[in-house]
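Trainee: The structure under discussion is supplied below as structure tokens; questions concerning it will follow.
The values are calculated or read from the model by the stated rules, or taken from the named source; none is laboratory data. Every value quoted in this text rests on a predicted model; they were computed, and no experiment measured them. Cβ placement follows ideal geometry from the backbone for every residue including glycine, while neighbour counts extend to all protein chains displayed.
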Amino acid sequence: MGGGVNGGQVISNWKGLKSEVLEGPGDLPVTTNYRNVLVPILKRHRATDLSAIFPKFELSPLVDL
């Protein structure tokens, strides 16, 4: 994927596959806000007005991405 990618790891809030933690009929719950992944990428590619892209969003950085 390139030298800027710290790969080989999964970052998640894993709660397991028991029926009481699944969403609906067997779906895994969303535990990562996609904007926390995209904002650092957009910053690296010089997107300057991130508030126009994601209004009212406050970044919660992910560890080691």
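Trainee: Which condition does residue 20 not pass, out of (1) loosely packed, with under 10 Cβ neighbours inside 10 Å; (2) in a loop (DSSP other than H, G, I, E, B), if it passes all the others?
Mentor: Here residue 20 meets the rest and fails (2).
Trainee: A further question on this structure: Looking at the range 45-65 only, could you name the residues that are touching a residue at least 12 places away in the same chain (Cβ under 8 Å) and either part of a helix (DSSP H, G or I) or touching a Lys or Arg at 6+ places or on another chain (Cβ under 7 Å) (or both)?
Mentor: The answer is 54, 57.
Trainee: Tell me which residues, restricted to the range 32-59, are at pLDDT below 85 and either small (Gly, Ala, Ser) or farther than 21 Å from residue 4 by Cα (or both).
Mentor: Matches in the range 32-59: 47 only.
Trainee: Also: Of the numbered conditions (1) at pLDDT below 90; (2) surrounded by 10 or more Cβ atoms within 10 Å (Cβ to Cβ); (3) in a loop (DSSP other than H, G, I, E, B), residue 13 satisfies every one except a single condition; which is it?
Mentor: If we test residue 13 against (1) at pLDDT below 90; (2) surrounded by 10 or more Cβ atoms within 10 Å (Cβ to Cβ); (3) in a loop (DSSP other than H, G, I, E, B), just (2) comes out false.
Trainee: Which pairs have Cβ atoms under 7 Å, sit 6 or more apart or on different chains, and link a residue in the range 9-32 that is more than 25 Å from residue 61 (Cα to Cα) and aromatic (Phe, Trp, Tyr) to one that is at pLDDT 85 or above and in a loop (DSSP other than H, G, I, E, B)?
Mentor: Here the result reads none, with nothing in the range 9-32 linked to a residue that is at pLDDT 85 or above and in a loop (DSSP other than H, G, I, E, B).
Trainee: Continuing with this model, one more query. Please enumerate the residues belonging to the range 23-38 that are outside any loop (DSSP other than H, G, I, E, B) and either of a type outside the set (Phe, Trp, Tyr) or surrounded by 10 or more Cβ atoms within 10 Å (Cβ to Cβ) (or both).
Mentor: Selection gives 23, 27, 35, 36, 37, 38.
Trainee: Go through (1) in a helix (DSSP H, G or I); (2) loosely packed, with under 10 Cβ neighbours inside 10 Å for residue 42 and report which single condition fails.
Mentor: Here residue 42 clears every test but (2).
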